[in-house]
Amino acid sequence: MIIMSKPRPLQLERSWKERLQSEFSQPYMDQLRTFLLQRKRAGAVIYPPGPLIFNALDSTPFEQVRVVILGQDPYHGPGQAHGLCFSVQAGVPIPPSLRNIYRELEEDVAARAPGHGCLQAWAQQGVLLLNAVLTVEQGQAAAHQGQGWERFTDAIVQKLATERDGLVFMLWGSYAQKKGASIDAERHLILRAPHPSPLSAHRGFFGSRHFSSANAYLQGRGAAPVNWELPERPED
């Protein structure tokens, strides 16, 4: 009777399942499941595909998170979304915001831009690429905002902020900054900048040097830096 039945949480990566199991039994999650089922029955095309809705968590276990990048909601074009914020699947044109991220990467850490938009390699290095809303409908940006996903991802951010130390939170744009407002800046490094969208990147995202700042912070704590240069061949 629900789009995400009871076994769904059991398929979640172990470390996240242990910490988020209680969220799946909350009334808001039942309401979210019902909403998704109703939209699916109404013929809505929902992105990303079901097995990839929790890709950010499955790709980056709780204990391995080093950097958190917060997005808003998935891309709503065919073949784009695969559960990682700002990332698109191989073979899909690189979105404008991601092109700006690549531009800043090159200027900041001399990382060459690949010919694809898949950020899976970052996720596998401990960069949690988390959208605030985990599903969307084809051609309708923000179609699933306000249905419960925000509360779920707030729980994720809160657990990271309170149960881990020394993480880097990259908060790009007012939406992400509001979502991360309660993070303890004495416990973690919080990096804020305008969103990398073409509408705002020139107001301070370019030149923010978040990638080198993140690595300097991690290395200062004795951790390995992130290799921000993506492989030319995207990860599966």
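In the range 123-231, the C-alpha radius of gyration followed by the widest Cα-Cα span (Dmax) gives 15.0, 44 angstrom.
How large a share of the accessible area of the chain, in percent, is made up of carbon and sulfur atoms when the probe is 1.4 Å and the other protein chains stay in place? Show your work: numbers first, answer last.
Values: 5170 of 10720 Å².
Within the chain, the accessible surface is 48 percent carbon and sulfur.
Over all orientations, the range 180-236 has a Cα convex hull whose mean projected area works out to 6.0 square nanometres. One way to sum up the overall shape of the range 81-156 is the equivalent ellipsoid from its Cα gyration tensor, whose semi-axes run 25, 15, 11 Å, largest first. Remark: the chain carries 45 Å² of accessible area per residue (probe radius 1.4 Å; ligands, DNA and RNA excluded).
Put simply, the C-alpha atoms of the chain give a gyration tensor, and the ellipsoid matching it has half-axes of 28, 21, 16 Å, longest first. With the charge dipole of the chain set up from +1 on Lys and Arg Cβ and -1 on Asp and Glu Cβ about the Cα centre, the Cα lying farthest toward the positive end among the listed residues Y28, G77, S200 is that of Y28. Its relative contact order, with pairs defined as Cα atoms under 8 Å and 6+ residues apart, puts the chain at 23 percent.
The values are calculated or read from the model by the stated rules, or taken from the named source; none is laboratory data. Bear in mind that the values here come from a model prediction, so they are computed numbers and not experimental data. Cβ atoms come from the backbone with ideal geometry, glycine included; neighbour counts cover every protein chain shown. What goes into the accessible areas is simple: the full protein's heavy atoms, side chains included, and nothing from ligands, DNA or RNA. Shrake-Rupley method; radii C 1.70, N 1.55, O 1.52, S 1.80 Å.
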